[in-house]
1. Only one of (1) buried (at least 23 other Cβ atoms within 10 Å of the Cβ); (2) assigned to a loop (DSSP other than H, G, I, E, B); (3) free of Cβ contacts under 8 Å to residues at least 60 places away in the same chain fails for ILE107. Which number is that?
2. Name the residues in the stretch 184-208 that are within 18 Å of LYS70 (Cβ to Cβ) and not in a helix (DSSP H, G or I), would you?
3. Pick from the stretch 36-52 the residues that are under 25 Å from MET1 (Cα atoms) and touching a helix residue (DSSP H, G or I) at 6+ places or on another chain (Cβ under 7 Å): which of them is surrounded by the fewest Cβ atoms within 10 Å (Cβ to Cβ)?
4. Given the structure, is LEU134 in a loop (DSSP other than H, G, I, E, B) and of a type in the set (A, V, I, L, M)?
5. Report yes if some residue within the stretch 226-242 is exposed (fewer than 15 other Cβ atoms within 10 Å of the Cβ), over 25 Å from GLY175 (Cα atoms) and at pLDDT below 95; otherwise report no.
6. Listed residues ALA79, ALA122; which is at pLDDT 95 or above, in contact with a Phe, Trp or Tyr (Cβ under 7 Å, 6 or more places away or on another chain) and of a type outside the set (S, T, N, Q)?
7. Only one of these conditions is not met by ALA47: (1) farther than 20 Å from MET114 by Cβ; (2) of a type in the set (A, V, I, L, M, F, W, C); (3) in contact (Cβ under 8 Å) with a residue 40 or more places away in the chain. Which number is it?
8. What's the number of the condition TRP209 fails, among (1) under 23 Å from the mean Cα position of the chain (by Cα); (2) of a type outside the set (Asp, Glu); (3) surrounded by fewer than 18 Cβ atoms within 10 Å (Cβ to Cβ)?
Amino acid sequence: MVSIVICTRNRCAALALTLQALQDVELPPNRTAEIVLVDNGSTDGTAALIRAFHWSKGLVRMVAEPRRGKGYAYNSGLAIANGQVLLLTDDDVRPPRGWISTMCEPIWSGRAEMVAGGVKFASHLVRDWMTPRLNSLLSSTEQLDASNPAWVVAANLAFSREVLGRVPAFDPELGPGALGFEDEVLFSWQVREAGFSVIGVLDSPVEHWFDPERLSRASLVGYMQGHGRSKAYIDHHWRHQDVHYPRLAWCRAMVRWITFHIEHPAEWRRQEGISEREAELLLALAYFEQQLIERHRPRNYARHGLVKESNA
C-alpha cells in the first residue's frame, strides 16, 4: 500500500483543488493506496471538506493535530498511515497522472529507500525577477542533482516505511508553524546518515500552485528569515557547528543589509519580488540572530543523530 500524506491548515480552497487533481492520478496495477489528510488546527471549512471527500482510488483517512506546526502534523499522519511507502505532498500541488508510479517505483524495485521528486511552479506564478537560487528557496527543484540530491522538498517526497525504524520523526521545531523551513531537509539528511539510499526523480514534477501573495516582498522577506533561522537551528543542534563571536557576526550582517538599502533605495519600494543579493543578506542576518538564541540551549541531537534527545 501507498499512503499519500497531506498536511493542511486553513487552505480549504487550495486543498479542494488538490484533492480534485488526485482523482485523476493513476493507481498502478496490483497496488493499493490511501490518502491521509492531517488537519493542523484549521478554523475554516477544511474539516468539513475532508469529511466529505471520497477518493475513487482508495480510502481516505483524517487525523486532527491541534499542535501548530507541520512537523507535528507529519508525525501524526505517519503514525496512522498503513502504507509500506509514504508519499508526501502539499495542499496546493497538482501531480501528474503517473505520479504514484514515478515516485514509488525506485522503492518498489529496491533501488532506493527515499525518492526526491521534482517540483516546478505553475506557469502563472513565474516571474522575470526569479533566479534559480531564489526559486530553490521557494521550493523549486531546478537546481537539484538527481543522482545525489543534497536536499528534498516535501511537496514531492517518497520513502519506505523501513526508514521510520531508524529515523522516526520530523523535528517539530522546524518547518511551517515553527522556525519556518528545513524540516524535510533535516529528515532527508538523517535518512542518509542512517545508511539509506536517496535518489532524485525530477523529470515528472508536480506543479506548485501556491498563493501569489507569497511573491510579495513582505512575504519573501519572511521566507528568507525563516530559512536563516532554520539553518541556524540545524547547524547548532545537529551539525554541532558553533559560530565564533555570533553577536559580532550579526552586527556585521546588519551593517551589510543597511548598506545595501542605502545603495539600492528602490528595493524598499518593491511590492513584489526580492533581489538575490538582499535574500542572502536577510538569510545571514536571521541566521546569526538565531545562533544567538540557540547557543544558550543544550544540543537536541548527538552530532548527526537520528533521534531527538529526550531532554530536548
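The values are calculated or read from the model by the stated rules, or taken from the named source; none is laboratory data. Computed from a prediction, not measured in an experiment: that's the story for all the values here. FYI the Cβ positions are ideal-geometry reconstructions off the backbone, even for glycines, and counts take in every protein chain you see.
1. Only one criterion is unmet by ILE107, namely (2).
2. If the condition is that a residue be within 18 Å of LYS70 (Cβ to Cβ) and not in a helix (DSSP H, G or I), then VAL206, HIS208 are the ones that fit.
3. The selected residue is LEU49.
4. no
5. Looking for residues that are exposed (fewer than 15 other Cβ atoms within 10 Å of the Cβ), over 25 Å from GLY175 (Cα atoms) and at pLDDT below 95, one finds none in the stretch 226-242, hence no.
6. Just a single option satisfies the conditions, and that option is ALA122.
7. All conditions pass for ALA47, except number (3).
8. (3)
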